[in-house]
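This report refers to the structure that appears directly beneath it.
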Amino acid sequence: QVQLVESGGGLVQPGGSLRLSCVASGRISVLDIMGWYRQAPGKQRELVATMSSNGITNYADSVKGRFTISGDNAKITVALQMNSLRPEDTAVYFCNMRGVVLGTAFSSWGQGTRITVSS
């Protein structure tokens, strides 16, 4: 019922910046939380940052001070500004949204966008 599409991935040099965006489709009536997760080769998916509908944010320790999550509840979009990127940030990044659409609770994931941080 809800589809998410990420954009903004690519190759960036260490210390560089990148901005990810995610747009949702569907008649979402309630949006509880939006977030970004990532999965590096050989590792489990991990939380990067989340933002609740009331604006409360949460970040992984590894990205605090470097990444910033932002969202627009009206347009149902979520973005991730990534600065001072490091090689260990290399991963596939997924956006996630949870809420209610057409009276039914949902949790939807994007297909992922690849970030490679390398010189």
Exercise. So how many residues does the range 1-22 have that are on the phi > 0 side of the Ramachandran plot, open to solvent by 30 Å² or more (accessible area, probe 1.4 Å) and assigned to a strand (DSSP E or B)?
Worked result: 0
Exercise. Which one of these does residue 66 not meet: (1) under 17 Å from residue 6 (Cα atoms); (2) touching a helix residue (DSSP H, G or I) at 6+ places or on another chain (Cβ under 9 Å)?
Worked result: (1)
Exercise. Which of the residues spanning the range 23-53 are closer than 20 Å to residue 3 by Cβ, open to solvent by 60 Å² or more (accessible area, probe 1.4 Å) and either of a type in the set (Lys, Arg) or within 12 Å of the chain's Cα centre (by Cα) (or both)?
Worked result: 23, 27, 39, 45
Exercise. Among (1) free of Cβ contacts under 8 Å to residues at least 60 places away in the same chain; (2) open to solvent by 70 Å² or more (accessible area, probe 1.4 Å); (3) in contact with an Asp or Glu (Cβ under 8 Å, 6 or more places away or on another chain), where does residue 58 come up short?
Worked result: (3)
Problem set entry | Subset of the range 54-83 [of a type in the set (A, V, I, L, M) and either in a loop (DSSP other than H, G, I, E, B) or more than 10 Å from the chain's Cα centre (by Cα) (or both)] | 56, 60, 63, 74, 76, 82
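Yes/no per residue for (1) touching a residue at least 24 places away in the same chain (Cβ under 8 Å); (2) among the charged types (D, E, K, R); (3) under 16 Å from residue 9 (Cβ atoms); (4) open to solvent by 60 Å² or more (accessible area, probe 1.4 Å):
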{"position": "65", "(1), (2), (3), (4)": "no, no, no, yes"}
{"position": "70", "(1), (2), (3), (4)": "no, no, no, no"}
{"position": "76", "(1), (2), (3), (4)": "yes, no, no, no"}
{"position": "81", "(1), (2), (3), (4)": "yes, no, yes, no"}
{"position": "91", "(1), (2), (3), (4)": "yes, no, yes, no"}
{"position": "98", "(1), (2), (3), (4)": "yes, yes, no, yes"}
{"position": "102", "(1), (2), (3), (4)": "yes, no, no, yes"}
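The values are calculated or read from the model by the stated rules, or taken from the named source; none is laboratory data. Treat the numbers as computed from the prediction; the structure is a model and nothing was measured. Here the Cβ is made from the backbone with ideal geometry for all residues, glycine too, and neighbour counts use every protein chain on show. Ligands, DNA and RNA are stripped out before the accessible areas are found, and what is left, the full protein with its side chains, is counted by its heavy atoms. Shrake-Rupley method; radii C 1.70, N 1.55, O 1.52, S 1.80 Å.
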